[in-house]
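Worksheet: one structure, shown below.
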Amino acid sequence: MSKYLNLELKEINKLLKERKIKPLDLVEEAFDNIEKNKDLNAFITLNKDQAIKMAKDLENKEVDNLFFAIPIAIKDNICTKDLRTTCASKMLENFIPVYDATVIEKIKQHNMIIIGKTNMDEFAMGSTSRTSYFGPPKNPWDENKIAGGSSGGSASCISARLVPLALGTDTGGSIRQPASYCGLVGMKPTYGRISRYGLIAFGSSLDQIGPMTRNVYENAALLNILCGKDEKDLTSTRREKEDFTSLIGEDIKGMNIAIPKYFVTDIVEKEILEKFNNTVNLLKENGCNVEYIDIDYIENAVTLYQIIAMGEASSNLARFDGIRYGYSYENPKNLEELYSKTRQIGFGDEVKRRIMVGSLILSGENAKTYYDKALRIRDDIRKSFLKAFEKYDLIIGPTTTTVAYNLTDNLDDPSKTFLDDILVIPVNMAGLPGLNIPIGFNKDKLPIGLHIIGNEFDEKTIYKLASYIEKTLNLNLNPKGGE
């Protein structure tokens, strides 16, 4: 079968307009790719019948936008009407939403074709996607390695070229970290940039939906259609419509770039630091001013994340009680047993651990001692970042401290996986946009990522620098070598 989906979106769009290919060709190729690569375990639920039907319905319609008939994968914590949405949990194993998330409505308005729902950490709680009730997705660069988390399935299917686009969600690095491990572009937009209506909540003050793609331009173009004020989400912001691709291709000479000193300490593997420093030198050679700075409290970001995210998770997941929807324990003796058995059986170990810790954090005086104090320090981190942006256009650092590691590593201590996100969590604390861009490989040919952080609502400048790096490095990011 022809490899249409390996082409850039602009080329696919041209072929569709010229009637040289049909939407069905793209959909059939996507499902063929998925079948050939089912060992990756990237998907939980496929949308095959509806995708084929939609492709046939689109055959005689006008190709009116870049994303017309393009297959897309959706992380399985985003509600899709009449399509199973599990959050990779037994608790929602058979849950079929009766409405679409706002981002899904926007995707359907552009006649994109949803191929399926991607694998993830259960309720997005994890950094490896190994907490999934359906087993972990695998990394296409080495199937013995993790794909990252919690958006591991989305990262895996884009990296393996099963589909060209996917949505992920990012609470503490869950788009950017798997994007780094799998060698793709992943953006966590400014908090409030994209509506969270229809996203099954983990940490409501941190969660954000974002695009995961093969290249920078397609990432920016997808962000264009996902944004906008939504009256159904009071945390979404009203902004003038803008084109995030508008600065792509512009010269980076004269840009002021900062590097937090903490991001380049010995917590980062030597090979990653070498690639990062090579990229820094590249930026300097092309006219950027690069300086090292301090950001208050970023070394405490993981601790703050654990307090805030677990507290909010315990509150958000209280709704799963076996009564209204989701898994329900059969034949309980009384109401108390219904609640306890439903949650005991329906949730996995990591989710239960976070709920228990979060409940402790929010109980009585602990709420003031821990949660309220964490919120105050989070605000100080944000202020420190915003002060830096008074002088600098962007802040950069490595995305991760290591490359993707073995699926069996760190299984004995779940707390170790929090450290996978130590360089990306501060961005969620500050509510700022951050993007991963691949900058090379280690000696074992595993991807290494650069993390670019922008001022609030300044995703355009991030894409400007990322596109320059992408064009200059010109890496082959297909794990199969361009087959």
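Condition check: within 30 Å of residue 101 (Cα to Cα) and in contact (Cβ under 8 Å) with a residue 12 or more places away in the chain. Does residue 302 satisfy that? The answer is yes for residue 302.
Quick test for you: out of 219, 224, pick the one residue that is part of a helix (DSSP H, G or I) and within 30 Å of residue 350 (Cβ to Cβ).
219
Against the conditions (1) in contact (Cβ under 8 Å) with a residue 60 or more places away in the chain; (2) closer than 27 Å to residue 135 by Cα, residue 381 satisfies every one except (2). You will find that of 48, 56, 38, 20, the residue that is open to solvent by 90 Å² or more (accessible area, probe 1.4 Å) and touching a Leu at 6+ places or on another chain (Cβ under 9 Å) is 56 and no other. Restricting to region 215-246, name every residue that is under 17 Å from the mean Cα position of the chain (by Cα) and either among the polar types (S, T, N, Q) or open to solvent by less than 20 Å² (accessible area, probe 1.4 Å) (or both). Correct list: 215, 216, 218, 219, 220, 221, 222, 223, 224, 226. Of 317, 304, 338, all but one fail to be part of a helix (DSSP H, G or I) and more than 26 Å from residue 369 (Cβ to Cβ); the exception is 338.
Of all residues in region 294-344, those being of a type in the set (Val, Ile, Thr), at pLDDT 95 or above and open to solvent by 20 Å² or more (accessible area, probe 1.4 Å) number 1.
The number of residues in region 79-101 that are among the polar types (S, T, N, Q) and open to solvent by 10 Å² or more (accessible area, probe 1.4 Å) comes to 1. Check whether at least one residue in region 127-137 is open to solvent by less than 10 Å² (accessible area, probe 1.4 Å), under 23 Å from residue 303 (Cα atoms) and in a helix (DSSP H, G or I), and report yes or no. Scanning region 127-137, I find no residue that is open to solvent by less than 10 Å² (accessible area, probe 1.4 Å), under 23 Å from residue 303 (Cα atoms) and in a helix (DSSP H, G or I), so the answer is no. Of the numbered criteria (1) open to solvent by less than 10 Å² (accessible area, probe 1.4 Å); (2) over 20 Å from the mean Cα position of the chain (by Cα); (3) within 18 Å of residue 259 (Cα to Cα), the one residue 358 fails is (3). For region 249-264, filtered to residues that are open to solvent by 50 Å² or more (accessible area, probe 1.4 Å) and closer than 20 Å to residue 473 by Cβ, the residue that is farthest from the chain's Cα centre (by Cα) is 253.
Output the strands (runs of 3 or more DSSP E) that fall wholly within region 381-483 and possess 2 or more residues being open to solvent by less than 30 Å² (accessible area, probe 1.4 Å) and either small (Gly, Ala, Ser) or touching an Asp or Glu at 6+ places or on another chain (Cβ under 8 Å) (or both), or say none. Before you say what the answer is, go through the steps one by one.
Details: elements: 394-398, 434-441, 447-454.
Where strands (runs of 3 or more DSSP E) fall fully within region 381-483 and carry at least 2 residues being open to solvent by less than 30 Å² (accessible area, probe 1.4 Å) and either small (Gly, Ala, Ser) or touching an Asp or Glu at 6+ places or on another chain (Cβ under 8 Å) (or both), they are 434-441, 447-454.
From the residues in region 138-155 that are open to solvent by 10 Å² or more (accessible area, probe 1.4 Å) and touching a helix residue (DSSP H, G or I) at 6+ places or on another chain (Cβ under 6 Å), which one is nearest to residue 421 (Cα to Cα)?
138
A count restricted to region 348-372 and to residues that are within 22 Å of residue 205 (Cβ to Cβ), touching a residue at least 60 places away in the same chain (Cβ under 8 Å) and in a loop (DSSP other than H, G, I, E, B) stands at 0. Close contacts from region 463-474, counting a first residue that is under 12 Å from residue 288 (Cβ atoms) and a second that is open to solvent by 60 Å² or more (accessible area, probe 1.4 Å) and at pLDDT 95 or above, with Cβ to Cβ under 6 Å and a gap of 6+ residues or different chains, come to 464/250. If you filter region 283-301 down to residues that are among the aliphatic types (A, V, I, L, M) and not in a helix (DSSP H, G or I), you find that the one that is nearest to residue 173 (Cα to Cα) is 295. Using the structure shown, decide if residue 267 is surrounded by 14 or more Cβ atoms within 10 Å (Cβ to Cβ), within 25 Å of the chain's Cα centre (by Cα) and either part of a loop (DSSP other than H, G, I, E, B) or among the β-branched types (Val, Ile, Thr) (or both). Here the answer is yes, as residue 267 does meet what is asked.
Restricting the search to region 151-191, which residues are part of a strand (DSSP E or B) and either out of contact with any Pro (no Cβ under 7 Å at 6 or more places or on another chain) or of a type outside the set (Lys, Arg) (or both)?
165, 166, 167, 168, 169, 185, 186, 187
The values are calculated or read from the model by the stated rules, or taken from the named source; none is laboratory data. Everything numeric in this text was worked out from a predicted model, so none of it was measured. Neighbour counts run over all protein chains shown; Cβ positions are idealised from the backbone, glycine included. Each accessible area value is taken on the protein alone, full model and side chains, heavy atoms only, with ligands, DNA and RNA left out. Shrake-Rupley method; radii C 1.70, N 1.55, O 1.52, S 1.80 Å.
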